[in-house]
Amino acid sequence: MKLNELSPRDGSTKGRMRIGRGPGSGKGKTGGRGVKGQKARTGVSIAGFEGGQMPLHMRMPKRGFRHAPNADLAEVNFWRLEQAIAAGKLDAAAPIDATALVAAGVIRRVKDGVKLLAKGELKSKLDITVHSASQSAIAAIEKAGGKITLTRPAAVSAEA
């Protein structure tokens, strides 16, 4: 037996139905679409339309809010920085910024900026520039003798 001689067993497969090929076919005339109207035609896209009644997705109450200026920040923890320094991918003596973190593989992309978090232990003295940092991260860097520069604009107080 050869590959070109293979075929399905008799009666195991069925031919496709040919829609709209006369009344004798069983699916002639309207072709299973019902009769007349918009949905009998091709190219119909009226999902969610309820005949002029307010659609369900518009009747339901909406919830949640996302403030537009909120930045999507790439987060970096101390343990990840120490891991990169130990592997030789990041130089603790040189200034560290977002591009250096991407080049070292600490973060995949900068997004809207980098936020430094204090998870893990900081052993190295770092000179780092980030968009923002947690209070504990700032305190830990200054305690280790390092310097942190925040590029985020200062918050305006509500008292003014």
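A few remarks follow.
- Distance from the stretch 105-145 to the stretch 1-62 (C-alpha centre basis), Å: 58
- By the beta-carbon count within 10 Å of each Cβ, the least crowded to most crowded order of Phe65, Phe78, fewest first, is Phe65, Phe78.
- Gain in span if fully extended, Thr149 to Glu75, counting 0.36 nm per residue against the direct Cα distance: 25.1 nm
- Model label sites at Arg109 and Leu6, defined 7 Å from Cα along the beta-carbon direction, differ in position by 4.4 nm.
- DSSP beta bridge pairing in the chain, given as percent antiparallel to the nearest 5: 15
- Label-point separation in nm, Arg16 to Lys119, each point 7 Å along Cα→Cβ: 5.2
- Relative to its Kirkwood radius, the Cα radius of gyration of the stretch 19-58 gives an Rg/Rh of 1.18.
- Highest-fluctuation residue, Ala118, Ala74, Ala47 considered, GNM on the chain with Cα pairs under 10 Å: Ala47
- GNM top mover of Val102, Val114, Val44 - the chain, alpha-carbon springs below 10 Å: Val44
- The stretch 74-150 has equivalent-ellipsoid semi-axes of 16, 14, 11 Å, by the square roots of 5 times the alpha carbon gyration tensor eigenvalues, sorted largest first.
- With R₀ set to 41 Å, the beta-carbon distance separating Ala93 from Ser136 gives a calculated FRET efficiency near 0.95.
- Residues Leu73, Leu6, Leu81, sorted so that the one with the fewest Cβ neighbours within 10 Å comes first: Leu6, Leu73, Leu81
- log10 of Debye I(q)/I(0), alpha-carbon scatterers only, for the chain at 0.11, 0.17, 0.20 Å⁻¹: -0.66, -1.06, -1.22
- Neighbour cut-off at most 13 other Cβ (10 Å), DSSP loop, GluC sites (Glu not before Pro), the stretch 61-160: Glu121, Glu159
- Ranked by how many other Cβ atoms sit within 10 Å of their own Cβ, fewest first, the residues His131, His57, His67 fall in the order His67, His57, His131.
Bear in mind that the values in this text are calculations on the coordinates, not laboratory data. On a predicted model such as this, the values are computed, not experimentally measured, just so you know. Every residue, glycine as well, gets a Cβ built from its backbone with ideal geometry; the counts of neighbours run over all protein chains shown.
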